[in-house]
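Written below as structure tokens is the structure these notes are about.
The values are calculated or read from the model by the stated rules, or taken from the named source; none is laboratory data. For clarity, every value in this text was computed on a predicted model and none was experimentally measured. Virtual Cβ from ideal backbone geometry, glycine too; neighbours counted across all protein chains shown.
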Amino acid sequence: MYQRVRFGLALCAMASLFATGCAGGAMLRVAPAPSTDAASRAPADAAAAAAGGGVAALGSYNIDPAKVFVAGISSGGFFGVQMHVAHSSTFKGAAIYAGGVYYCAQDNIGIALGACGGEGLYQSTLALSETYLDQQSAAGTIDAEGNLRGAPIYLWSGTQDTIVKPQEMNDLQTEYEHYGANVFKYDNAYPAGHGWESPDGELACGTQASPYMISCPSGSGAYDSEQTWLNAFFGKLKPRNNGTLTGTLVRFDQTAFGAAASNSMDTNGYVFVPKDCASGHPCGVVLALHGCLQTQADIGTKFITESGIDAWADRNSIVVLYPYAVKSSTVPLNPNGCWDWWGYDDANYALKSGTQISIVYKMVQRLMGR
């Protein structure tokens, strides 16, 4: 516990250095309004939900178990890898932006800060990661590592990212390939800062600042990284809906699954449900995980409206789950609303029994009607 408290204090001290990976600015920011372009494409009820409208129970849908995937940025990228590896029989692939290898921090604050990301430092923990993964697979505390073979993987790392070094993502590529996964695309040539790339991102490609939602040019337009991995996950996509979405963004109760201040999770999250999915049509799922300083208190629902996922999901029968972490200034000490990828809440954070992994997985199971 002493190590975890000391880690939290270190995070506060280096606020300007670690934005969305593991920590970030310790100063509370007022959530800015969603960007006009992205907001115009949001479902009609999104503004009401974001403004504090009703909170519903998370529903169940006709989900194809072969079409369940995870995506995440920075702390959500590290957590997304943990979720994928721990539940590889459920999650069939992953899209990871500026994350790193499984169990990168080794439940150790020094390794987290000095090796994985945050201070612009890097030291490979790849060998340690693979040893731990092998041990846990054999012990049954995570799903069998053989499930990773053939899994489609998309990776993103900006050349100007000084928060999570590109070398860390290179290690993740090596790790996934070591277990036979199919890294079909590794976007690592864009001069991008730390952030989630999308045509709807409000920041220029090389910007590294809140809300960490960036847009990078490609030809005469903007690059669409979501199209790249969604097409690989779900097959040929119908055109992106650049107008008003016909699906519904539902604000749901996370406490029903165990989310609480005691595990640094928010009381509510969101789920985007396309119209046909609400009507019983077979659908897929993307679990989308924000990074630090991308909580609702920090940026409202900008991670949702600027991630570019829903515009594709709307016409392609994809339910998108957006769980939320929350800041905590006590115990567990998580002043920037990060997902637990270093053990601030639970030493078993990377296993199926991990507190946050268990809670979020229950949400996915509810979507699947299990």
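How many residues does the range 292-342 contain that are of a type in the set (Lys, Arg) and outside any loop (DSSP other than H, G, I, E, B)? Don't jump to the end; show me each part of the working.
Quick first cut of the range 292-342, residues of a type in the set (Lys, Arg) only: 302, 315, 327.
Imposing the further condition that a residue be outside any loop (DSSP other than H, G, I, E, B) reduces the set to 302.
Summing the residues that are of a type in the set (Lys, Arg) and outside any loop (DSSP other than H, G, I, E, B) in the range 292-342 gives 1.
Would you point out the residue of the range 350-368, among those that are in contact with a Phe, Trp or Tyr (Cβ under 7 Å, 6 or more places away or on another chain) and not β-branched (Val, Ile, Thr), that is farthest from ASN62 (Cα to Cα)?
ALA350
Among the listed residues GLY80, GLY140, GLY146, GLY100, which satisfies the condition of being surrounded by 24 or more Cβ atoms within 10 Å (Cβ to Cβ) and out of contact with any helix residue (DSSP H, G or I) (no Cβ under 7 Å at 6 or more places or on another chain)?
GLY80
Out of all the residues in the range 274-283, is one or more surrounded by 24 or more Cβ atoms within 10 Å (Cβ to Cβ) and part of a helix (DSSP H, G or I)?
Looking through the range 274-283, at least one residue is surrounded by 24 or more Cβ atoms within 10 Å (Cβ to Cβ) and part of a helix (DSSP H, G or I).
Let me confirm something: among VAL319, VAL326, VAL364, which residue is among the β-branched types (Val, Ile, Thr), crowded, with 24+ Cβ neighbours inside 10 Å and at pLDDT 95 or above?
VAL319
Out of the residues in the range 329-361 that are of a type in the set (Gly, Ala, Ser) and more than 22 Å from PHE91 (Cβ to Cβ), state the one that is surrounded by the most Cβ atoms within 10 Å (Cβ to Cβ).
So, considering only residues that are of a type in the set (Gly, Ala, Ser) and more than 22 Å from PHE91 (Cβ to Cβ), the one surrounded by the most Cβ atoms within 10 Å (Cβ to Cβ) is GLY337.
Select the helices (runs of 4 or more DSSP H) contained entirely in the range 15-132, then report the ones holding at least 2 residues which are of a type in the set (A, V, I, L, M, F, W, C), farther than 19 Å from ASP340 by Cα and modelled with pLDDT under 95.
Counting at least 2 such residues, we get 36-40, 46-50.
Just to be sure I understand, how many residues within the range 146-184 are over 18 Å from the mean Cα position of the chain (by Cα) and either of a type in the set (Lys, Arg) or more than 21 Å from VAL286 (Cα to Cα) (or both)?
Total meeting the criteria: 14.
Collect the residues in the range 201-228 that are out of contact with any Cys (no Cβ under 7 Å at 6 or more places or on another chain), in a loop (DSSP other than H, G, I, E, B) and either under 18 Å from ARG240 (Cα atoms) or in contact (Cβ under 8 Å) with a residue 24 or more places away in the chain (or both), keeping them in residue-number order.
GLY201, GLU202, GLY206, GLN208, ALA209, SER210, PRO211, TYR212, SER220, ASP224
Would you confirm whether or not the range 133-146 contains a residue that is over 15 Å from VAL101 (Cα atoms), in contact (Cβ under 8 Å) with a residue 12 or more places away in the chain and hydroxyl-bearing (Ser, Thr, Tyr)?
Yes, the range 133-146 contains a residue that is over 15 Å from VAL101 (Cα atoms), in contact (Cβ under 8 Å) with a residue 12 or more places away in the chain and hydroxyl-bearing (Ser, Thr, Tyr).
Working only within the range 133-143, note down all residues that are among the charged types (D, E, K, R) and either over 21 Å from PHE91 (Cβ atoms) or part of a loop (DSSP other than H, G, I, E, B) (or both).
First, the residues of the range 133-143 that are among the charged types (D, E, K, R): 134, 143.
Scanning the range 133-143 gives a single hit, ASP143.
Looking at (1) assigned to a loop (DSSP other than H, G, I, E, B); (2) among the small types (Gly, Ala, Ser); (3) closer than 18 Å to LYS327 by Cβ, which is the only condition GLY269 fails?
(1)
Determine whether GLU175 is buried (at least 20 other Cβ atoms within 10 Å of the Cβ), closer than 16 Å to SER75 by Cα and either touching a residue at least 60 places away in the same chain (Cβ under 8 Å) or out of contact with any strand residue (DSSP E or B) (no Cβ under 7 Å at 6 or more places or on another chain) (or both).
So GLU175 fails the test.
Considering each of ILE63, ILE109, ILE73 in turn, give the residue that is out of contact with any helix residue (DSSP H, G or I) (no Cβ under 7 Å at 6 or more places or on another chain), of a type in the set (A, V, I, L, M) and surrounded by 19 or more Cβ atoms within 10 Å (Cβ to Cβ).
On the way: ILE63 fails: out of contact with any helix residue (DSSP H, G or I) (no Cβ under 7 Å at 6 or more places or on another chain); ILE109 fails: out of contact with any helix residue (DSSP H, G or I) (no Cβ under 7 Å at 6 or more places or on another chain).
The conditions single out ILE73.
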